[in-house]
Amino acid sequence: MAICEKEKVKKELVWRRHEQRLRDLFASRDNRAAAAIQRSYRSHLNQVREERKAILLVREEDQKRQTEEDRRNRVIEKKRAKDSLLRSKLRKALETARQIVYWKSERIENDANTGQSHCDHGLGSFTKIKNVSPLKRKNEKVTVDSLKQRKWFNIRLERTMYRFGMDPIDILRLHDTSFAGLDFLGEDSVDVVDFFEFIGEPCSKFSTWLLSCAHLDGKTSINFTEYTNLVALVCLMGRDDLLRLLFCSVDEEKKTFLSKEQWIEFVSIMTEYETITHATKSAIRAFERYGEVYGYDRKHKLFFDGFKKILQPFPFVAFPIFRLQAKIKEKHFGEKYWKAISTKLSKD
């Protein structure tokens, strides 16, 4: 408190001296010198404000980064605990299976010695239980009103559901079978890293383009509404939609064409995590063949039509994003479901 008071008194003294100096200059009718002092002092104040803003921004970024790191560490601890629990359950299941097999072999051996036969093939009281989903076991009818009783349901999620033609039971299945398994902290939030790990693809540059398409750029975690919007948007994209997304993501300046440098960067981004060696040099050299000479610099430019044509002899360049889409479909209801949703939306 003492330091703050001293700073306050110091600032008041500076202001008084500054005002006294200005009064003396105006009294002596030296307006030019007074105006120069005012300008210099105002520029000094603006510089101090900018420095304070920069310091506050750095502090906020550091605090945000620290919060994200703490959250990520808690997620990793929960994942480890969950993995250890699954391993222990698997160990118990294997031990139970060994005991059943041992008991079955003894039962068969005793039956062979006594000459008896059982229709249960040695399983005794063990019967086959059909794996029924929780929804079918409860026989509950899922409606929008029943979803509104859930904490994670909101008006944005309802609009997303109607927008993509999904049923309430599909939303509940998506939450219970996919999202809930990735929400390790129970905060209705899933890390983007965990999402791509669940899909089986690395979190690359072109995967962040998909996030920006769903207005999630810069986010490290997403809630269930954003998760549903992202999954449905990516799964319902056609081939031309994905190609246009790639083209517009590389064309950050919105020039409607790609330069050779941008094409080289695009090829390197798309083949960064590929384990198979591709003919990337041939794809780069084909730029002049499919590009058009345009502009005052008379250099080759690659427009969207040429972009689609150049990918025909070199399909490996755009293949990673189609593979990512196929994996997202596979992890969320399968190809047939999204094909049916697409047909339903096209009819509407």
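The values are calculated or read from the model by the stated rules, or taken from the named source; none is laboratory data. Owing to the predicted nature of the structure, the values given are computational and were not obtained by experimental measurement. With ligands, DNA and RNA removed, areas are computed over all heavy atoms of the protein, side chains included. Shrake-Rupley method; radii C 1.70, N 1.55, O 1.52, S 1.80 Å.
A few remarks follow.
- Heavy atoms of residue 278 accessible to a 1.4 Å probe, total area in Å² rounded to 10: 60
- Karplus-derived 3J(HN,Hα) values for the range 275-290, using 6.51 cos²θ - 1.76 cosθ + 1.60 with θ = phi - 60°, are 8, 8, 7, 10, 7, 5, 5, 5, 5, 5, 5, 6, 4, 5, 6, 9 Hz; glycine and proline are entered as x.
- Residue 77 accessible area, 1.4 Å probe, all protein chains in place, Å² to nearest 10: 120
- Estimated vicinal HN-Hα couplings, Hz - the range 238-244 in sequence order (Karplus 6.51, -1.76, 1.60; Gly, Pro = x): x, 5, 5, 5, 5, 5, 5
- Under 5 Å from the amide H of residue 221 lie the amide H atoms of 192, each residue being 5 or more positions distant or on a separate chain, with H modelled from the backbone and absent for Pro and chain starts.
- Accessible area of residue 239 (1.4 Å probe, protein heavy atoms only, ligands and nucleic acids ignored): about 140 Å².
- In Å, descending, principal axis extents of the Cα set of the range 191-294: 46, 31, 24
- Remark on residue 292: its backbone amide H falls under 5 Å from those of 301, 302, 303, a criterion applied only to residues 5 or more positions apart or on other chains, H modelled at 1.01 Å from N.
- Value of D in µm² per second that Stokes-Einstein yields for the range 245-348, Kirkwood Rh from Cα pairs, at 20 °C (1.002 mPa s): 138
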